[in-house]
Amino acid sequence: MSSNSLDRKHERFVFSAALALRKYIRDLKKIVLEGEPPEASGIAGRPAPLPSVEAEKLIGKLDEIKKIVDEFIGKFKPGFVDEPSLSLTYIWISIMLGKMEGIVESIEPRNLGKTRGEMPRELETYLDKQVNNLLSLIRGLRSTYTTAANRKTQFLQK
């Protein structure tokens with residue numbers, strides 16, 4: 001499908017996004033059917049499965065979404081086979097680090113102040129320093145693993 005490296009860059013991004021969407025769909029189905037959260041809910045409690053009629057409707061819509069996502073995966077997968085793939089590991093690392101980056105960005109003092117109001121100066125100073133440290137570490141890792149994933153997928157397509 002690709003005609004140049006810029007096209008492949010877009011295709012790899014769509015492929016990575018589709019993998020993340022497929023995971024969200026699986027996680028949503030577990031919540032809806034089993035009341036099983038995708039991550040530890042701690043003191044927030046445990047969700048309950050949806051009533052069966054409501055669950056069936058939601059699962060039906062999720063299946064529609066999954067068909068499109070699976071089409072993206074089939075169309076844009078960069079030469080992967082159904083065997084363990086180090087390239088796919090790199091892609092997942094990049095996806096997960098991207099999610100971590102988004103979470104950390106949400107607690108930046110300027111963002112947190114917009115959504116939660118003014119905070120004490122001491123907290124702002126502490127968060128600013130620690131968030132910058134976290135973002136630096138996460139972005140460094142993400143850059144490394146995104147580059148590694150891109151090199152691996154480019155190699156497979158040659």
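Every number in this text was worked out from the coordinates using simple rules, so none of it is lab data. All values derive from a computational prediction rather than experimental measurement. Methodologically, a virtual Cβ is constructed for each residue, glycine included, from the backbone with ideal geometry; neighbour enumeration extends over all protein chains shown.
Things to note:
- Here r is the Cβ-Cβ distance between R139 and R22 and R0 is 25 Å; the resulting FRET efficiency, rounded to 0.05, is 0.50.
- Report note on the peptides 16-29, 48-61: ranked by the mean count of other C-beta atoms within 10 Å, highest first, their order is 16-29, 48-61.
- Sorted by Cβ density within 10 Å, fewest first, the residues Y126, Y145: Y126, Y145
- Violating pairs (Cα-Cα greater than 25 angstrom) within the set K99/K129; K61/K114; K66/K114: K61/K114; K66/K114
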